[in-house]
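The values are calculated or read from the model by the stated rules, or taken from the named source; none is laboratory data. It should be emphasised that the depicted structure is a prediction, and the values quoted were computed from it without experimental measurement. Virtual Cβ from ideal backbone geometry, glycine too; neighbours counted across all protein chains shown. With ligands, DNA and RNA removed, areas are computed over all heavy atoms of the protein, side chains included. Shrake-Rupley method; radii C 1.70, N 1.55, O 1.52, S 1.80 Å.
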Amino acid sequence: MTDTVDAGPGLDQLIHRDQAAIRCPYPIFAELRSERPVHFSDELGAWVVTRYDDVLAVLHDTDRFSSRMPTGPQRVDSILAETMATLSQDPDMADIFASVMDQRNMATVLLNADPPDHVRQRKLVNGAFRPSRMKAMEPTIDEVTMRLLDRFVARGEVELVSEFAVGLPMTIIAYALGVADDDLATFKRWSDDLVMPVGNHSPTLEQSRAYLVSAKEFSDFFRQVLADRREDPKADLISDVANAELDGEHLSEAEMLSMLQQFLVAGNETTTKLLTNIAHHLAIDPDMQERVRADRTLVEGLVEEALRYEAPVGGLFRQATEAVELGGVTIAEGDHVWVVYASANRDDERFPEADRFDVCRENVRDHVAFGHGEHFCIGAALARAEARIAVNRILDRMGDIRLAEGKNDFAFEDTFVLRGLKQLYLEFTPLAG
């Protein structure tokens, strides 16, 4: 590689998941955009791209930037590699390790697929996310939202993450997949474990063990469900995946399982974080809360500004397939690039006064919280529908939303890629709704 620039201590703290850096990474990104917009981080083992225009350039250049490793490079001397090597030699884990790795090596799907494979896969499942299908789910989203609110509204207080923000998207993705509600706790455990490598390159041995066990359990469970849906299709996402056909070609089993895993994880983890971020903003800005409460046409802008201001996914990785000039430096063939959505969304060149939360921002839909171009998030419409419906119902049922006194520590999830509070304690005035 060439033109290497020292990353600086601020970014290093973020990569090492220091809570202070995770809590507020935006000054770090601002300094990088200003002084070193494209540079190499030795700690990360990747280039870091922070300006909006450069981020879009990478995302749209699928020929020269591959998506095969979207969670980043895994160095052979990393803690993650060490824990996996240890588990591969554990007699109780060796078979599980081999099974999980074999499946990972066999399937590149959607998030980690390049054209033309990505195009083929997208065509096969686009119908499952067509606007009419998403619109038809709205009554179910509303019913689940109301049912969850009914459980705590009378109390006038709530820990929103565990009592609402987790339950809504997890229930909806289970409904969309076509699996039973009584498996939600297991699905949530799988989802939490499977997201471990995203923004955590130094897990504990137990975290790596949980990842492997959950990956194996997930595959065993959904392999059987896929077989059932091929024999007896239903009006659900699993049936769409199991029976999708393009020019006489079906997805492989490994592709199907990887696709369902992505749907489960992306369909709940990111929306949980979005809902929590929105509720936090309502609680800390009473004037904005009352404006939106009085004028519900502002809800859509609130959702989009929350996506821009605190992107639930801070950025994903690409790998250069050839030498590329970007932002005045040379990215060598094989080098990895962290495309930082969270920084692009705070770029003043694209979003004036980017550090100000503005529900009336005119160009807010230019944000890249869902990615951009070829890999734009296939579930974006569903996430937006869940957030819009949830915000309206929260405002219907919860008046004077505010932070609970003395309960919040504002600890964030232990990852430098995903952004979400672990807990959010709120107090409010119950409303009839």
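Surface composition of region 274-433: carbon and sulfur atoms hold 47% of the protein heavy-atom accessible area at a 1.4 Å probe.
The loop-placed GluC sites (Glu not before Pro) in region 106-171, going by DSSP, include none that has at most 14 neighbouring Cβ atoms within 10 Å of its Cβ.
Shown is the FRET efficiency for A323 and A20, computed with R0 = 25 Å from the Cβ-Cβ distance and rounded to the nearest 0.05: 0.10. Got a number for the accessible area of W190? Probe 1.4 Å, square angstrom, nearest 10. Its accessible surface works out to 10 Å², give or take rounding. Within region 221-276, the trypsin sites (Lys or Arg not before Pro) that combine a DSSP coil assignment with at most 14 other C-beta atoms in a 10 angstrom radius are K234.
Remark on region 14-83: Rg and Dmax equal 13.8, 38 Å (Cα only).
If you run the Gaussian network model on the chain, springs between alpha carbon atoms under 10 Å, then out of G327, G371, G314 the most flexible one is G327. Mean-square fluctuations from a GNM of the chain, with a 10 angstrom spring cutoff on Cα atoms, peak among A385, A136, A113 at A136.
Taking GluC sites (Glu not before Pro) across region 337-407, the ones in a DSSP loop with at most 12 further Cβ atoms lying within 10 angstrom of their Cβ are E349, E353, E362, E405.
Just so you know, the Rg over Rh for the chain is 0.95, from Cα atoms, with Rh as the Kirkwood radius.
Taking H367, H250, H336 in turn, the Gaussian network model of the chain (Cα-Cα springs below 10 Å) assigns the largest fluctuation to H250. Panel note: the C-alpha atoms of region 357-433, placed on their principal axes, show extents of 44, 32, 23 Å (largest first). Dividing the summed -39500 (n - 2.57) terms of all DSSP H runs of n ≥ 4 by the residue count of the chain sets its mean residue ellipticity at 222 nm at -15000 deg cm²/dmol. For region 280-335, taking Cα atoms only, Rg and Dmax work out to 19.6, 54 Å respectively. Along its three principal directions, the equivalent ellipsoid of region 50-129 from the Cα gyration tensor extends over semi-axes of 31, 20, 9 Å, largest first.
Solvent-accessible surface of region 166-283, averaged per residue with a 1.4 angstrom probe and all protein chains in place: 35 square angstrom. Just so you know, the Cα atoms of region 150-298 work out to an Rg and Dmax of 18.7, 57 Å.
Working from the Cα coordinates of region 74-192, the gyration tensor eigenvalues give, after taking √(5λ), semi-axes of 35, 24, 13 Å in decreasing order. The translational diffusion coefficient of region 296-426, from Stokes-Einstein at 37 °C and 0.692 mPa s with a Kirkwood hydrodynamic radius over alpha carbon pairs, comes to 193 µm²/s. Solvent-accessible area of region 167-232 (1.4 angstrom probe, protein heavy atoms only): carbon and sulfur portion equals 52 percent.
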